[in-house]
1. Before we move on, is residue B:63 within 16 Å of DNA strand D (Cβ to nearest atom) and on the phi < 0 side of the Ramachandran plot?
2. Residues to consider are A:60, A:86, A:97, A:128; find the one that is more than 9 Å from every other protein chain (Cβ to nearest Cβ) and buried (at least 21 other Cβ atoms within 10 Å of the Cβ).
3. What number goes with the only condition from (1) more than 7 Å from chain B (Cβ to nearest Cβ); (2) closer than 20 Å to residue B:107 by Cβ that residue A:103 does not pass?
4. Could we say that residue A:32 is assigned to a helix (DSSP H, G or I), crowded, with 19+ Cβ neighbours inside 10 Å and either outside the structural domain of residue A:161 (by TED's automatic domain parsing) or modelled with pLDDT under 90 (or both) here?
5. Return only the number of the condition from (1) in the same structural domain as residue A:31 (by TED's automatic domain parsing); (2) within 16 Å of DNA strand D (Cβ to nearest atom); (3) free of Cβ contacts under 8 Å to residues at least 60 places away in the same chain that residue A:95 does not satisfy.
6. List the number of the failed condition for residue B:88; all other conditions in (1) outside any helix (DSSP H, G or I); (2) in the same structural domain as residue B:19 (by TED's automatic domain parsing); (3) closer than 30 Å to residue B:173 by Cβ hold.
DNA sequence: TTCGCCATGTAATAGGTTACATGATTGC
DNA sequence: GCAATCATGTAACCTATTACATGGCGAA
């Protein structure tokens, strides 16, 4: 009834894989949680990082399996009931995550905003702004509420800094669409 | 030698497809150009829209073929030399583009920035900022140069507005990373 | 004239999205 | 005790990226 009987698969390296941002999200969250099922990961994503980098829940099942197959995760499966799979980092997984975090990147991220694409190709600015403005205002309000909940740290953490960045960009979006809405 | 002899394939609808942002970029650029080969589209992308929504060049070959197969484009192929393919919008393609442009979207775009992801998972802010700051400063300078080249229109066009938005977000990135670099 | 780079294109792979499917839980 | 909803998982499809491949042109 409690899933104590499990099948354990330890760090066998069946194949080489390429680690994607999705991979590092899984590794990073498992590092925070110690161990988790894909479903728990899904909830962790929703709780924080999903705000600026969301994932399909299906992705968490395939990605954990893929990482386990390549030796980055240990996998443990319940023999009863749901046969849930529980994952945790291997040494290899920890090393991969640490190395990635420790390596700064100069990668540039494009906006890739659908509304902007329409605007580019001649969409009516006011109509677009009327749709976009409330969305970004709501998102901004949500972020600011999140920020007010967190502790007023002297030393901001990673998630906190990411949130600050999100707020800055949302303010920019609001400014931009408001100008078009009013213009 | 000049490819006058061509094979023409007219708007046959072989299959239904789903139109993606990539599809609309192709449709939109063909609308601007009248007609173009995939390679010419590649150059058009590089000249403007690629700044905030870039494409792999291979994508332009597969996407044009896909759109032609679904009746959104006419395809004309040289019989000589390079056997280049020349595409133009069909009525159906024009209608699809117009409908898309005319429909505002409330879709929200995530940041999905790799550096921010690393920051979230504990990367050293100063080291990251040292990599990111020059990249964003350079991009901002490029955008501002682009803006200064364009005419000082009374009525800004779509591309111009998209550029303004890009400038706003780059300023935000510069502000953000500068603070971490100095902090 | 040949080396190297840009032009132009195709093929293979893989990551991500969508759709589907069943087990548990809660409320009525 | 039934319906509805949430939890949990798998399968299929398809777009996008990567890798590969050849042709033409300019420079040395």
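1. Here the answer is yes, as residue B:63 does meet what is asked.
2. Details: A:86 fails: buried (at least 21 other Cβ atoms within 10 Å of the Cβ); A:97 fails: more than 9 Å from every other protein chain (Cβ to nearest Cβ); A:128 fails: more than 9 Å from every other protein chain (Cβ to nearest Cβ).
Testing whether each residue is more than 9 Å from every other protein chain (Cβ to nearest Cβ) and buried (at least 21 other Cβ atoms within 10 Å of the Cβ) leaves just A:60.
3. Going through the list (1) more than 7 Å from chain B (Cβ to nearest Cβ); (2) closer than 20 Å to residue B:107 by Cβ, residue A:103 breaks only (2).
4. In short, no.
5. Of the numbered conditions (1) in the same structural domain as residue A:31 (by TED's automatic domain parsing); (2) within 16 Å of DNA strand D (Cβ to nearest atom); (3) free of Cβ contacts under 8 Å to residues at least 60 places away in the same chain, the odd one out for residue A:95 is (2).
6. Single failed check for residue B:88: (3).
The values are calculated or read from the model by the stated rules, or taken from the named source; none is laboratory data. No experiment lies behind these values; they were computed from the predicted model shown. Counting neighbours? That spans all protein chains shown, and the Cβs are built from the backbone with ideal geometry, glycine included.
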